[in-house]
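Here's the structure, in structure tokens; my notes come after.
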Amino acid sequence: MHRSSATLAVALSGLMSFGPVPVTEHARRAPEAIAPNDNRRSAGTLKDGVLTVQLEARSGTWSPEGAQGVGVQTAAWAERGKPLENPGPAIRVNVGTVVRANIHNALTKPLTVYGFAAARGVKDSIVIAPGATREASFTATAPGTYYYAGQTVPGPIQARIDEDSQLNGAIVVVPAGAKLSTDRVFLISWWFILDSTSRSGLGRATMAINGLSWPHTERLDAVQNDSLHWRVINLTSIDHPMHLHGFYYRIDAKGDGARDTLLAPAMRRMAVTEIVAPGETMAMSFVPDRPGNWIFHCHFAGHLSHHVAMDTEKGVAAPQNDAHHMAEAPHQMYGLVMGLRVSPRGAVAKAPTSARPIRLIMREKPKVYGDHPGYSFILGGTDAERKADSLVVPGPALVLERGKPVAVTIVNQSADRAAVHWHGIELQSYPDGVPGWSGMGKEVLPSVAPGDSIVVRFTPPRAGTFMYHSHFNEFQQITSGLYGPLIVLEPGQKFDPDVDRVLMVSDEGPTTNVITGPFPAMMLNGQAHPAPLQFEAGKRYRLRIIGITGDLPIQLTLTDGTTPIQWRALARDGMTLPASQSTMRPAQMVFDPGQIYDFEFTPRTAGTLTLQYGIPPFAAPPGYKQTAVEVRVK
Ligand SMILES: [Cu+2]
């Protein structure tokens, strides 16, 4: 698969003509249920270095929200004679094993199968007629994360949105002699119906990890200081910036299904948010050294919104489900979220008691973005607090000191519920900001009701660039102003806004129709039309670049008019880069919401540069123009 557009609009342009298959078309056949697959078991029979797997594609009913939830008719894989599974049966082998697949197409359409011949990934395919059986085989030569997939609709594999979108399976190859099943494998899939009469552009939609959608995804259990190894496979046609709460993870390998690249130790990078592009795979590892409840989720606000809840129809969540929504999803998250529960090993650290107090007020004003309200965070004790109608976006830059505890009182003056996530901070679970989830045992963080407040305490253990943002109803709240920079300094270090420049990229309001747009303007530090930036030649600046759009990918370039200038990478997601990665490079990058980069920039001579930012060309609608900001160097 190619890296393709991250906006649904572009991902789907050109596919619309195929039209959706109505959910009811074959629903009357009352077919078999498709079971979720946690990818722990390995399919097939291993004999004399040959794994023989008998696969069959059949039609069934898939219930991404559990057996009691809404079911949809889709094709899925099974081992011959066994129940249907989503994802399909996992194939786990050692290097040197020959994988021989005998594949039967029990569907009524020709089936294109990717991933089983020598070239692997979507680089090769075989076509199996309805009712026919074919063989395909390959030798597992390189360790890594791979996959197989089936397709019954015409067009490129990105055209899979409904009836064949769950024909996926993981292939994991480990070194000769290694244990087959230590790593967990998370396969991301989607399913949706387009509806031009719908407010959102979607009829019904879901996004799933291993065949289930939050809050129904598997709960992962670990013990504090365990070493966790996860593999992620993205078989949707859209990016997913995967964000881990509370911990950095190491990216060990990235692949495209055909080839997996194990990164050399000096090139392995630490992140809290990494993009997994369409058709891409990722191997990651981390050690949860603090107990409690954590989440690993896609940072596109729409991918954990009600739009991917099955009781949302035509963009409107069924009102009779509000109570069940609040009970089942007090965090108001759906879709691409995994929950991790880390049980303590030894004594649990207590929250700091003496701490620097901070009051952070969440404020709302009606009709700021058309009919939609605007929100912002205001710092207590400031002029902004005294001016009742003040709505400053982004929220105030909170400048904290490494190792120094803070006690933040979150005051909710809005009509919605509130929750604040301290993005990238290695804190304890309770203050992490996911209502109904963060915490441990019976002590679970609530959301803050309108008019109410809560105090959360944490101690930032690392100096760097971070952010805080809403973690409730994010599709609405993050696109409408609820975020701000969080800068942690070394003890004794002073924040100098002259050389320390925060560049925060966000949306100017929410998106109503996620398929056709219009998509909001992208703002730089809260401005859709930013004023020129001023720099001085010869001075060394630290640019702290923070992505917090709702669902849009961001390209940012600093150019002299023709080519990007050079800057030095300093940090990623708040963590200082090792010397091997802190290199000079062209000042052009593509990043997704939830990603943070620090660069060192020393303009050499006086003159004018241009900072250009907006949707990257591969995802932009036709005619789209990025915003250009004049950069004046004196
Ligand atoms: Cu996503």
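Quick notes on this structure:
- Solvent-accessible ranking of Glu163, Glu385, largest area first, probe 1.4 Å: Glu385, Glu163
- Per residue, the accessible area of the chain comes to 38 Å², computed with a 1.4 Å probe over protein heavy atoms only.
- With Cα atoms as the point set, the radius of gyration and Dmax of the stretch 548-634 evaluate to 13.9, 41 Å.
- Theoretical gain in end-to-end length, Ala351 to Lys494 [0.36 nm per residue, Cα-Cα removed]: 48.9 nm
- Carbon + sulfur, % of accessible area of the stretch 508-594 - ligands and nucleic acids excluded, 1.4 Å: 52 percent
- Over all Cα atoms in the stretch 480-581, the spread is summed up by Rg and Dmax: 16.0, 50 Å.
- Among beta bridges from DSSP that stay inside the chain, the antiparallel ones total about 75%.
- Area projected by the alpha carbon convex hull of the stretch 456-525, averaged over all directions, nm²: 6.3 nm²
- Carbon/sulfur fraction of accessible area - the stretch 113-185, other protein chains in place, 1.4 Å, %: 59 percent
- Note on the chain: dipole from Cβ charges, positive end direction compared against Met522, Gln581, Val633; the farthest Cα belongs to Gln581.
- Eigen-decomposition of the gyration tensor built on the alpha-carbon atoms of the stretch 81-124 gives equivalent ellipsoid semi-axes of 21, 16, 10 angstrom, largest listed first.
- Centroid-to-centroid separation of the stretch 141-162 and the stretch 48-88 [C-alpha atoms, Å]: 15 Å
- Per-q log10 I(q)/I(0), the chain, q = 0.06, 0.07, 0.08 Å⁻¹ (Debye; single scatterer per alpha-carbon; no solvent): -0.32, -0.44, -0.57
- Computed lengthening from Ala67 to Ala142, 0.36 nm per intervening residue step minus Cα-Cα distance: 23.2 nm
- Taking the centroid of alpha carbons for each part, the stretch 179-255 and the stretch 420-469 are 22 Å apart.
- Solvent-accessible area of Met440 with every protein chain in place, 1.4 Å probe, in Å² to the nearest 10: 60 Å²
- In straight-distance terms, cross-link reach from Lys47 covers every one of the aspartates and glutamates whose alpha-carbon lies under 20 Å from its own, apart from those fewer than eight places away in the same chain; here that gives Glu79, Glu135.
- Selection from Pro553, Val93, Trp214, by position along the positive dipole direction of the chain (Cβ): Val93
- For Thr583 and Gln527, the difference between the fully extended length at 0.36 nm per residue and the C-alpha to C-alpha distance is 17.1 nm.
- Charge dipole magnitude, Cβ of K and R +1, D and E -1 - the chain, Cα centre, debye nearest 20: 1180 debye
- As a fraction of the 1.4 Å probe accessible area of the stretch 354-436, surface on carbon and sulfur atoms comes out at 50 percent.
- Normalised by residue count, the stretch 105-228 yields a Cα convex hull volume of 152 Å³ per residue.
- Gyration tensor (Cα) of the stretch 220-354, equivalent ellipsoid semi-axes in angstrom: 28, 25, 11
- √(5λ) per eigenvalue of the Cα gyration tensor, the stretch 378-443, largest first, Å: 25, 17, 10
- Of Lys350/Lys404; Lys404/Lys494; Lys367/Lys625; Lys365/Lys387, those spanning more than 18 Å from alpha-carbon to alpha-carbon: Lys367/Lys625
- Figure legend: label point modelled 7 angstrom from the Cα of Arg219 along Cα→Cβ; residues of the stretch 45-83 with amide N under 17 Å from it are 66-67.
- In this structure Arg100 has an accessible area near 110 Å², from a 1.4 Å probe over the protein heavy atoms.
- Per-residue [θ]222 nm for the chain (sum of -39500 (n - 2.57) over DSSP H runs n ≥ 4, rounded to 500): -500 deg cm²/dmol
The values are calculated or read from the model by the stated rules, or taken from the named source; none is laboratory data. Quick caveat, the model's predicted, so the values are computed rather than measured. In this analysis, Cβ positions are derived from the backbone assuming ideal geometry, glycine residues included, and neighbour counts consider all displayed protein chains. The area values use the complete protein model at the heavy-atom level, side chains included, leaving out ligands, DNA and RNA. Shrake-Rupley method; radii C 1.70, N 1.55, O 1.52, S 1.80 Å.
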